Structures are given as C-alpha cells and as structure tokens.
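Structure record follows, encoded as structure tokens.
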Amino acid sequence: MASRGLLRLVRKQTASARPARGLRRREWAVEIEESAIDFLLDHGFTTDLGARPLKRSLERYLLVPLARTIVERRVPEGDQFLFVRTDGAGLVVEFVDPDAPPTAPVTLPAAMRGPGLRAIAWDAHGTAAEMHELRTAQERFFKRIESGEWRDAKAAWLALPASEGFWQRSDRFELLGRAEYMDRIEAGSRSARSLMARLDGEGAAQRQVWPRSMVARLAQQMLLLEAAADEALTTGPRDAFVYVQAGPDGPDRQGELDFARRIAAMYEAWARQRGMRIAVLKPSARYAGDTVWLAVSGFSSYVALAPEDGLHVLEWGSNAEGGVKRVSVRVRVLAQPPVPVRGGEAELTQQAAESLANAPAPQPTIVRRYRGTPSPLVRDSVRGWRTGRLERVLAGDFDIVPRGESEGA
C-alpha cells in the first residue's frame, strides 16, 4: 500500500513530466482517475530502488499513450478532454467530447426515470436526470468525508501507533492501513468531482445529453466509493482471494472446465473495469486445469465479491431438445490477510493456499444460474435480480444489475 508521501510524489512527477513532452502546450485538459495513480505507484516504486523507476513508468505507461492519443487529434474544441484510467494491465487514454451527439436516440425507460446509481452504472443514457443524480450523490458523499464522524475516526486510526502495546498487536497491519485507506477514498472522491466538473464545462448549460460511457463510469466510481467508505469506518477484510473450481467429474467434463474458465475470466474483467489490481496465482498457465486462484485488491473488493461465494450453474437445452443439461462451478471468496506481502506473487500464492486450507466448509448455496439456450437468462438468488443480458453479466457487470432489470433487456 502506498504512503501519502509516495502518492504526492506520483502527482508531482505527473504534473512536471507533461510539459516536457509538450502536452501542456497543446492545451489539452487531462483527467487522471485515482486508480491510474495507484497503477503508476505499483509499477514505479520498488523496495530496493525506491521511486527511481517512477519517471520511466510515467514515460511508458502515461506519457506515451497520452502523446499517441493527442497526435490523432487537433487542438481541443470546447470542453473536450482526455480521461486516463487503468484496465489493470496498463493505462488507457480516452478522448471525451461532452458535446458529441449521442450514438443512438436517448429513450429513458419508465422504470429508470428516477435513476439510482446502480441503474445508471448498468445502462447510462447520459440524461440530465442522471447527471442530477450523480451531482447529488457526490455532494452527499463529500459531506460524509468532511463530517466530524469521518475526521474523528481517521484521527483515531492515526493515533493508534502511539498507544501502549500497539506494536505487539496481531491486527497492527490492518489498523495501520485504515487511515491510509481513508486517504485513498478522499483522493478518489476528489478525482470523481474533478471528472464531474470537467463534464459540467462551459457548455453544460446548453447540453441535453452527456457521454454515456463517462456517466456510467462516474456512477460506478460512486458505488465503489460509498461501499469503501462504509468499510473504512469498521475493521474487517478489504481485499479478496477468489477460487474458481470446476465441478466434480461428470458426463461433460470439458463443458465444466470451459465454464470454470469463463467464470474466472468474468472476475478478471470485473476487476479490470473497476481499476483494481488482480493477479492470477494459480495455475501458472492462464486458466489451465480445473482450478483458478485470483488475488483482487481495490476499493471494497472483498465486500463486493463476498456474495459470489457458492455454486454457479450453467444450463442449456430444453425438454423438447432431449432435456436440460447442467454443469456447475464452485466459487470461494476469502479475505486476504492484512499482512504486507514482500515476496511477490509466490508469497501471495502461499497466503491463498493457507487461507483456503483454514477456511470453513463451503455452503451448498446456488448463487447464480446462467442459461444460454434456447433463450438467455441469468438469475441471481443472492442479490435478487434476473436479466436476459447473459454476455453483459459474463463481461463482469454482475454487481450492478438493477433489481428491476427485465429478462429481455
């Protein structure tokens, strides 16, 4: 986990490096999501070399993609800007034009005329109503992290290391990370507010439609920040190990293995879309064999993934076609220990093995049923939703499906 000093160093290096590449002279506004800063920290700091690799990481991961995107454009017009985020493997630079016409006619479903954040993240339309919902959510969240409760909790975490016997406590690593976690949440909030201000540029008064992808991303950011703020005020796990195990040998063993790999890929896509850090710990060859272990860290990753623990069942066919066929996958979600990992993925894999060995017996809960044919349908019995958008769920958006989503939508 990065210290506050390192975070300041990344932001300073980012600001000073941009004019060296001529980026500031091109008058482009650049919004950098907080997850992108975390990515630069992970790739620009080592325990043996300190922050010396940081400039090289900035050049490789940030400045080159920025310059490449700018070369493809002329000088900005109106409120156009560049948005930098991470997909887990690198940094992605997106050109955003808040005044661009929508790619399709905007029709807001009746069930979403009073949209919540989940509905916006699932199917943003870029409407004024959605922007109002986002502004309201941001103001509410900003008041929360400026409240006396938040400040007092943070001060209490910061004061703990000076208390008697603290360094002998078994939970000292978890407690040490709490104030820093609150710092990251505050930085994430500022990043979200900055992106909103960019979307609400000079032309916002005449604007009727906003970029749908940016509106959806803001809603997703706010959902993660709200969940993270909830857990920041308590003790408990933040990061997760995810274990995906193909079902017992059956008549369609290859189908079981294929489904297990698809479920593992779903969790990887989920983490990358949300700017989280993810490592495939087992097997060494990507998704080979019948078991996949993943390590996921980021805002509220354990809380978001914990409901996935249980059985996932794929069904296809019908009675008219000779009967319904099924294969199953067992998913376990366990908390990562808060002890710092200094030995890289090998040590992380050892932690995952120990966590699984010490875990209680799994429960036979069916979390989700996936039906491919004759008509797609996904039913989530834990979160209480159902949708016909099977590919969207398998693409990693299982946590933002609104309860009111219709089967064929």
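In terms of Cα atoms, the Rg and Dmax of the stretch 332-409 work out to 17.3, 50 Å.
Test of understanding: what is the full-extension gain from ALA395 to VAL341, defined as 0.36 nm times their sequence separation minus their Cα-Cα distance? Let's see the in-between values first.
Working: separation 54, 0.36 × 54 = 19.44 nm, distance 2.96 nm.
Here the answer is 16.5 nm.
Using θ = phi - 60° in the Karplus curve 6.51 cos²θ - 1.76 cosθ + 1.60, the 3J(HN,Hα) couplings for the stretch 379-386 round to 10, 9, 7, 7, 8, x, 10, 8 Hz; x is entered for Gly and Pro.
The loop-placed GluC sites (Glu not before Pro) in the stretch 164-260, going by DSSP, that have at most 10 neighbouring Cβ atoms within 10 Å of their Cβ come out as GLU164.
Straight-line cross-link partners of LYS282 among the aspartates and glutamates, defined as a Cα under 15 Å from its Cα and at least 8 positions apart when in the same chain: GLU268, ASP290, GLU345, GLU347, GLU354.
Every number here is computed from the coordinates shown, using simple stated rules; none is lab data. Just so it is clear, the structure is predicted and the values come from calculations on it, not from any experiment. For neighbour counting, all protein chains shown are included, and Cβ atoms are generated from backbone atoms with ideal geometry for every residue, glycine included.
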